[in-house]
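Inspection log for the structure reproduced underneath, given as structure tokens.
The values are calculated or read from the model by the stated rules, or taken from the named source; none is laboratory data. Predicted model only: the values in this text are computed from it and were never measured. With ideal geometry, Cβ positions are generated from the backbone for all residues, glycine too; neighbour counts draw on all protein chains shown.
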Amino acid sequence: MKTRLLTLRTPLCFILPALILPALIAGCSGIASIGPETHSREISLFDGVSLNGWQGLVANPYQLQNMGAAEKTQLQHEANEKMRRHWKVEDGVLCFDGKGSHLVTQKEYGDFELQMEWQITPGGDSGVYLRGCPQVQIWDHLKNPVGSGGLFNNQKGGANPLEVADSPLGDWNHFRILMKADRVTVYLNDRLVVKDTPLENYWRRNEPLPIRGPIELQSHGTPLKFRNITIKEL
């Protein structure tokens, strides 16, 4: 009996792409799955148990630029020692005793969404520096009736909030701060108090705002409390 040879009737030019294309798709899919994430995730700036990620204030951003490495290192060491005497963690809350200076993130940020809860004492005064520049205002709204959340040091507009949204004194307040380029939007207790307003460069009025810088919790001679501090880079 003669063995009949099967005749390949489909041209190879059609078969090979059909075999190769699925393999290429699978390979690409595998590569994409281990690539970097497109969007930043929200991270905690305060872990509730330590001051990790924070340091003491040395100087404003422009003064720091003019310092040599050795001088900056020495001054940072001194600032950290002073900071630890006045900023403590108690029962998951970041507490400031009203003495000493600002608490500063070790990392710098550009565009971001920052959220935190804060509590202030009668007559209190504080703020949140964005990219090392003052500031989203925090204070006792009974003493300062315009309320918290405004861009206090602005001279061209937006210094005062759109409305008073502070919680009763002694209760916790919540900030949601959006910063894109030099423009800032602030929600205080879920109410819009600053809408897409440029934050002016307090340190150098005629220059643009720095494109990156630290977050600072301002000391202003009164006790403060912070908790649930998170940031998402945009």
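With respect to the conditions (1) closer than 23 Å to Glu117 by Cβ; (2) in contact (Cβ under 8 Å) with a residue 12 or more places away in the chain, Gly157 lacks only one, and its number is (1).
Looking only at residues of segment 113-124 that are in a strand (DSSP E or B) and crowded, with 20+ Cβ neighbours inside 10 Å, we find that the one that is modelled with the lowest pLDDT is Ile120. Do we find a residue being of a type in the set (A, V, I, L, M, F, W, C), at pLDDT 95 or above and in a loop (DSSP other than H, G, I, E, B) anywhere in segment 130-148? Taking every residue of segment 130-148 in turn, at least one turns out to be of a type in the set (A, V, I, L, M, F, W, C), at pLDDT 95 or above and in a loop (DSSP other than H, G, I, E, B).
Any residue in segment 150-172 that is closer than 21 Å to Glu42 by Cβ and of a type outside the set (Gly, Ala, Ser)? Looking for residues that are closer than 21 Å to Glu42 by Cβ and of a type outside the set (Gly, Ala, Ser), one finds at least one in segment 150-172, hence yes.
Filtered by the rule that a residue be within 22 Å of Pro61 (Cα to Cα), at pLDDT 95 or above and in a loop (DSSP other than H, G, I, E, B), segment 76-106 gives His102, Gln106. Tell me, which residue of segment 174-213 that is outside any strand (DSSP E or B) and touching a Pro at 6+ places or on another chain (Cβ under 8 Å) is surrounded by the most Cβ atoms within 10 Å (Cβ to Cβ)? My answer is Leu209. Close contacts from segment 193-214, counting a first residue that is within 22 Å of His141 (Cβ to Cβ) and a second that is exposed (fewer than 14 other Cβ atoms within 10 Å of the Cβ) and of a type in the set (Asp, Glu), with Cβ to Cβ under 8 Å and a gap of 6+ residues or different chains, come to Val193/Glu163.
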